[in-house]
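Engineer: Dropping the structure in here first, questions after.
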Amino acid sequence: KISSGTGDLRQRKKQNCTESDKMAPEERNKENSKLGRSPKYMLIQRFAKLFFGCLAAVTSGMMYAVYLSTYHERKFWFSSRQELEREITFQGDSAIYYSFYKELLKAPSFERGVYELTHNNKTVSLKTINAVQQMTLYPELIASVLYQASGSEEVIEPVYFYIGIVFGLQGIYVTALFVTSWVMSGTWLAGMLTVAWFIINRTDTTRIDYSIPSRENWALPYFACQVAALTGYLKKNLNCSAEKFCYLLVNASTYTFMMMWEYSHYLLFVQAVSLFLLDCFALAQTEKVHEVYRIYLFSLIVGYLLQFENSALLVSPLLSLVVALMFSKSLQMNMKKSTFVARLLKIMYIYLVLTVAVTLNVLLKMFIPHKENEHLLKFIEVKLGLNTTKNFTMNWLLCQESLQAPSQDFFLRLTQSSLLPFYILVLIICLFSVTQVIFRRICGEPLKEAVKLEDGRIGERPEIVYHVIHTILLGGLAMCLEGMKYLWTPYVCMLAAFGVCSPELWMTLFKWLRLKAVHPILLALILSMAVPTIIGFSLWKEFFPRIMTELTELQEFYDPDTVELMTWIKRQAPVAAVFAGSPQLMGVIKLCTGWTVSSLPLYNDDDLLKRNENIYQIYSKRSAEDIYKILTSYKANFLVIEDSICNEVGPVRGCRVKDLLDIANGHVVCEEGDNYAYSKYGRFCHEIKMNYSPYVNYFTRVYWNRSYFVYRINTVISFQS
């Protein structure tokens, strides 16, 4: 009955912008006259606050970008490396993304470069792919255009320009978090504390240290900008120009975010659920929430068209939810208020939305052909214990650290930086306040148009309620998958910093405690300044020396074996050669040499996943003839065996590549509770090094060092004893 008791909010007409803009100065003038302040004085004060806040936000972002650049240089000695040694620092999928950026710069024209990427047959053997669509290469397209259009060829090397853009985006990321916390708390002190917590907990807030070109490092800064704009847009009593600016920024950042990351629509789905719950409890203006739904719909349609008719967007849960929400809202609006059906729709609103959304999503998947992300659904089934599998790919994914539950070390790090305790405190206070507001709405009490500090009702602010719901949903995901912490922890920093710096939050707490000895408003104002100051000084004392040590300490990253391998390939291998090996190594070979490979470290395509599983068989207990047939089916000419995988001694038995292959191939025997690998053939990667028949009949060793063994795959099989 929440909806039926809140018709006044849902049906309230939107206040005219011009009227609100006229009323606001009059109210402020009356308040200023009571305090003995002139309007001119107040205008100067507001301008100074805005100026210094913006200066602090921009400075924080710039300093963080410089910090990342300096740390990267100290870690890899980037400026003193040759081009090949620099490129080796890009590992796995990062190598693939950067290799396409290189290809775009080498193309005779931008148009020709884009055509070659959309009709690419030189990356994966026997496969023509649209790399722009399949690998979401819009960041590389933008970076290459900027590099050539800005005339940077004579000023800066391509690799520095590329990583410089990514570090700059991380600076924007931090600035957006700063602004969000500032908008929520009213003080830029909260923004400074957000940035401090973000940098101190960098291990858990970003993957920039390990994978610079990854899609999330390009996309999440835009999502942070969208969240900052949405926070301002949801605020009550926002003047017309500020509301329009926030609306336009939400539009632009939502669309850009969707173009930068293939999984962006899943994160927007979580956000849409947060807004849906906010609307259900009648804690925000329905018109604003549905404007955001229209932005989602527009972004999905435009994204579908510009991403070469990407069917994954049509079958996404975001589209189904948005259509269901808009359909349910139109039903409510078309019914007369007093009719029984209209009242029933209000009561059953949530059920109606969920039913329509699930039904629509099922129908779309039935009629729209799609292959993307099917493996994701299978993974979720196995992860939740709804199914079991011996499939190599599924078990390999389950063994990845990012897809495990978070470790105790993660919570320990957040606690040591004081982030987790303050986040829990702020979350509990906000949750109790929101629960009180919902209870009042059920009892028919209307929301206040403007919540004052002395009211102690922080749960009535829609932007606060949205962030509480959003962090709870993201936190639930982070508790299941450690990789989701990179989405959750930055907003934990922001919410915790907002809470300790917000007088309203402290006032809400004091209202419950019914303080009488000290004036609660005065104490709230003092604590909102004193607590973050104390936290800031303690963080400075404990963590600043560590950060400075990171920047001054020279680290050594050198991989001579990989450098030698790449040098040999460029000098000795034929230009038309196709290499086979682990997907991670194939990404580096593609980047450093440009040679065609048989597989890639990408996990959003079923065919590539099957290729990866088949080629990983070189580390299984199968015959030389089986491996030869697999490799020749992909037209491979050279095979690279990595000693680190063949002789892997992993911390978790059963999660090594060779263990997973033995399980998938049925080469595991259980005796007295222990598992043993058994096959009539030895492990291929070991046996091939012995140089005896039949292995030498199919493969000829042409190069080796401490880490890699390269074999030419014989086109004519010589049977020798």
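The values are calculated or read from the model by the stated rules, or taken from the named source; none is laboratory data. Since the model is a prediction, treat every value here as computed from it, not as a measurement. Please note: Cβ atoms are built from the backbone with ideal geometry, for glycine as well, and neighbour counts cover all protein chains shown. The protein model used for the area step is the full one, side chains on, heavy atoms only, and it has no ligands, DNA or RNA in it. Shrake-Rupley method; radii C 1.70, N 1.55, O 1.52, S 1.80 Å.
Engineer: How big is Rg to Rh over region 560-713, alpha-carbon atoms, Rh as the Kirkwood inverse-mean-distance radius?
Structural biologist: Result for region 560-713 is an Rg/Rh of 0.96.
Engineer: Calculate, for I368 and L403, the FRET efficiency according to 1/(1 + (r/R0)^6) with r their C-beta to C-beta distance and R0 30 Å; round to the nearest 0.05.
Structural biologist: The value I calculate is 0.65.
Engineer: Normalise the Cα radius of gyration of region 145-287 by 2.2 N^0.38 Å (N = residues in it) and let me know the number.
Structural biologist: Taking the Cα Rg and dividing by 2.2 N^0.38 Å, one obtains 1.18.
Engineer: What is the packing order of peptides 382-394, 223-235, 452-464, 122-134, taking the mean over residues of other C-beta atoms within 10 Å and listing the highest first?
Structural biologist: Most protected by this proxy first, the peptides run 223-235, 452-464, 122-134, 382-394.
Engineer: Put a dot 7 Å past each Cα toward the Cβ at K40 and N647; how far apart are the dots in nm?
Structural biologist: Label-label distance for N647 and K40, simple model: 8.2 nm.
Engineer: Looking at region 617-652, which GluC sites (Glu not before Pro) are DSSP coil and have at most 16 other C-beta atoms within 10 Å of their C-beta?
Structural biologist: Here the sparse-neighbourhood loop sites are E648.
Engineer: Radius of gyration and Dmax for the chain's Cα atoms, expressed in Å?
Structural biologist: Rg and Dmax of the chain, Cα atoms, are 29.0, 104 Å.
Engineer: Here's a follow-up. Looking at the chain, send over the antiparallel percent of its DSSP beta bridges, to the nearest 5.
Structural biologist: 75
Engineer: Further, regarding this structure: Under the rule of -39500 (n - 2.57) per DSSP H run of 4 or more residues, summed and divided by the residues of the chain, what mean residue ellipticity at 222 nm is obtained, to the nearest 500 deg cm²/dmol?
Structural biologist: Computed mean residue ellipticity for the chain: -21000 deg cm²/dmol.
Engineer: Now for a different question. Over the chain, average the accessible area per residue using a 1.4 Å probe and give it in Å², no decimals.
Structural biologist: It amounts to 47 Å² per residue over the chain.
Engineer: Another one. What does the charge dipole of region 560-713 about its Cα centre add up to, to the nearest 20 debye, if the Cβ of each Lys and Arg holds +1 and the Cβ of each Asp and Glu holds -1?
Structural biologist: 640
Engineer: Expressed as a rounded percentage, what relative contact order does region 560-713 have, with Cα pairs under 8 Å and six or more residues apart?
Structural biologist: Taking the mean separation of contacting Cα pairs over the length of region 560-713, I get 25 percent.
Engineer: Here is a follow-up. How large is the dipole of the chain about the Cα centre if only Lys and Arg carry +1 and Asp and Glu carry -1, each at its Cβ, rounded to the nearest 20 debye?
Structural biologist: Rounded to the nearest 20 debye, it is 2320 debye.
Engineer: At a 1.4 Å probe, what is the % contribution of carbon and sulfur to the accessible area of the chain?
Structural biologist: 62
Engineer: Also, I was wondering about something else. Can you pull out the GluC sites (Glu not before Pro) in region 525-617 that DSSP calls coil and that have at most 16 other Cβ atoms within 10 Å?
Structural biologist: Here the sparse-neighbourhood loop sites are E553, E556.
Engineer: Just to confirm the filter: which trypsin sites (Lys or Arg not before Pro) across region 585-657 are DSSP coil and have at most 10 other Cβ within 10 angstrom of their Cβ?
Structural biologist: Of the trypsin sites (Lys or Arg not before Pro), the ones in loops of region 585-657 whose Cβ has at most 10 other Cβ atoms within 10 Å are R653.
Engineer: Given the options A219, L474, P560, identify the residue whose Cα lies farthest towards the positive end of the charge dipole of the chain (+1 on Cβ of Lys, Arg; -1 on Cβ of Asp, Glu).
Structural biologist: Towards the positive end, the residue furthest out is L474.
Engineer: In addition: Using a/c under 1.5 as the rounded threshold, could you call region 82-163 rounded, prolate or oblate? The axes a ≥ b ≥ c are square roots of the C-alpha gyration tensor eigenvalues, and prolate needs a/b larger than b/c, oblate otherwise.
Structural biologist: oblate
Engineer: Relative contact order for the chain: what percent, with Cα pairs under 8 Å and sequence separation of 6 or more?
Structural biologist: 17
Engineer: Another one. Once amide H atoms are placed 1.01 Å from N in the peptide plane, what residues at a sequence separation of 5 or more from F699, or on another chain, have their amide H within under 5 Å of its amide H?
Structural biologist: Hits under the 5 Å cutoff: N714.
Engineer: Another one. Compare the Cα positions of G581, S60, S79 along the charge dipole of the chain (+1 at Cβ of Lys, Arg; -1 at Cβ of Asp, Glu; about the Cα centre) and return the one farthest towards the positive end.
Structural biologist: Comparing the listed Cα positions along the dipole, S60 ranks first.
Engineer: For region 527-595, give the magnitude of the charge dipole about the Cα centre (Cβ charges: +1 Lys/Arg, -1 Asp/Glu; no others), in debye to the nearest 20.
Structural biologist: 260
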